[in-house]
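The values are calculated or read from the model by the stated rules, or taken from the named source; none is laboratory data. Bear in mind the structure is a predicted one, so any value in this text is a computation, not a measurement. Heads up, the Cβs are rebuilt from the backbone with ideal geometry, glycines too, and the neighbour counts pull from every protein chain shown.
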Amino acid sequence: MNGIACKEDLYQFFEHNDQNINKFHFSEVSQICKDKPCQLGVDEAGRGPVLGPMVYGITYAPLSQKQLLVDLGCADSKSLTEKKREEIFNNICKHKDNIGWAIEVISPNVIANNMYRRTKISLNEISMMSAINLIQGAIKAGVNVTEIYVDTVGKPESYQIRLESVFPNVKITVAKKADATYPIVSAASIYAKVSRDHAIRAWRFREGEGIKTEYGSGYPTDPVTKNWLSANVDQVFGFPQLVRFSWSTAEQILESKALTIEWEETEKTSNDQKILKFFVNLPTKSSNIHTKKHRFFTERCLSNTTIL
């Protein structure tokens, strides 16, 4: 499936999604958004839940169409009912000549893996990179972006400086509660929220057919969500891929219900150890001295070879 013409297309879009990787969708850019200076808003949905993806969304429209967003009822998605959000989603889609949008669906698997890396990538960093990639994608597609409005993660001042270094010729505003202040950000929050809701509904559990989908809001403080997590933890494999393993709520349940794993102890090394320590000087041809291999090679059954 290539396009999303209305919210009814979202389920099919997510149903065929590889849930292990991030997924992008960009609407077709209208000619007016290429010719006229445009404002672009950025917001997300699903930052806090322990279940499901986080979705970043952008919307863009000509500066001359600011009132259109107000007339369509664009407001902070959290202040709207689900029915109203979906209604506004479809109404924006009907104005595709004046308003464009894009989303990135960030897999819970990707979130957890990044936060478990040896060099940890925080959720704030994941969020900022998603916003930057979406903006760059819109500009590359031809959108004439002259103003950017972003609902902040972390300190607005630091975030704004970073965006200004990437987009030096664009007016940028990063603010708290931008989704309640700027209609273009409100529209982005609606696209992000409605898309995430459908991503959750269309989720296919690869771990088995018997997994129930009554998991509440997905937030760590929700008793229904906690009960679902406790009921769906495997002692060996942990949780279904819907779960963000790196959240403390999930970690605590794993510690109490999953099997303990003993990892092989690694040889302690100093920070200034050099790789040459693992090698020895070869004896001369006339020498009968047998040189003992380093335990690194013997433990791994590695031997010398003369052919590359």
Using beta carbons and a limit of 6 Å, which pairs, at least six apart or on different chains, have the first residue in the stretch 39-50 and under 13 Å from ALA61 (Cβ atoms) and the second one small (Gly, Ala, Ser) and buried (at least 24 other Cβ atoms within 10 Å of the Cβ)?
GLY41/ALA188
Residues that are crowded, with 24+ Cβ neighbours inside 10 Å and of a type in the set (Ser, Thr, Tyr): does the stretch 78-97 have at least one?
no
For ILE261, indicate whether it is within 21 Å of ASN109 (Cβ to Cβ), of a type in the set (A, V, I, L, M) and modelled with pLDDT under 90.
yes
Tell me whether the stretch 98-111 contains one or more residues that are under 30 Å from LYS171 (Cβ atoms) and surrounded by fewer than 20 Cβ atoms within 10 Å (Cβ to Cβ).
yes
Could you list, in sequence order, the residues of the stretch 27-79 that are in a strand (DSSP E or B) and of a type in the set (Ser, Thr, Tyr)?
TYR56, THR59, TYR60
Can you pull out every residue in the stretch 164-180 that is closer than 24 Å to ALA75 by Cα and not β-branched (Val, Ile, Thr)?
LYS171, ALA175, LYS176, LYS177, ALA178, ASP179, ALA180
Restricting the stretch 24-55 to residues that are under 12 Å from the mean Cα position of the chain (by Cα) and crowded, with 22+ Cβ neighbours inside 10 Å, the residue that is farthest from GLU251 (Cα to Cα)
GLU44
Count, please, the residues in the stretch 156-185 that happen to be buried (at least 24 other Cβ atoms within 10 Å of the Cβ) and closer than 16 Å to ILE135 by Cα.
3
Are any residues in the stretch 208-244 acidic (Asp, Glu) and either loosely packed, with under 15 Cβ neighbours inside 10 Å or in a helix (DSSP H, G or I) (or both), and if so, which ones?
GLU209, GLU214, ASP234
Which condition does GLY154 not pass, out of (1) in contact with a helix residue (DSSP H, G or I) (Cβ under 6 Å, 6 or more places away or on another chain); (2) touching a residue at least 60 places away in the same chain (Cβ under 8 Å); (3) of a type outside the set (Val, Ile, Thr), if it passes all the others?
(2)
SER189 is checked against (1) free of Cβ contacts under 8 Å to residues at least 40 places away in the same chain; (2) under 24 Å from LYS36 (Cα atoms) and fails just one. What number does that condition carry?
(1)
Report, ordered by the first and then the second residue, all pairs with beta carbons closer than 7 Å, sequence separation of six or more or different chains, a first member in the stretch 228-255 that is at positive phi, and a second member that is among the hydrophobic types (A, V, I, L, M, F, W, C) and assigned to a loop (DSSP other than H, G, I, E, B).
GLY238/PHE245; GLY238/ALA258
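Does the stretch 135-149 contain at least one residue that is within 24 Å of SER79 (Cα to Cα), surrounded by 14 or more Cβ atoms within 10 Å (Cβ to Cβ) and either small (Gly, Ala, Ser) or at pLDDT 95 or above (or both)?
Yes, that holds for at least one residue.
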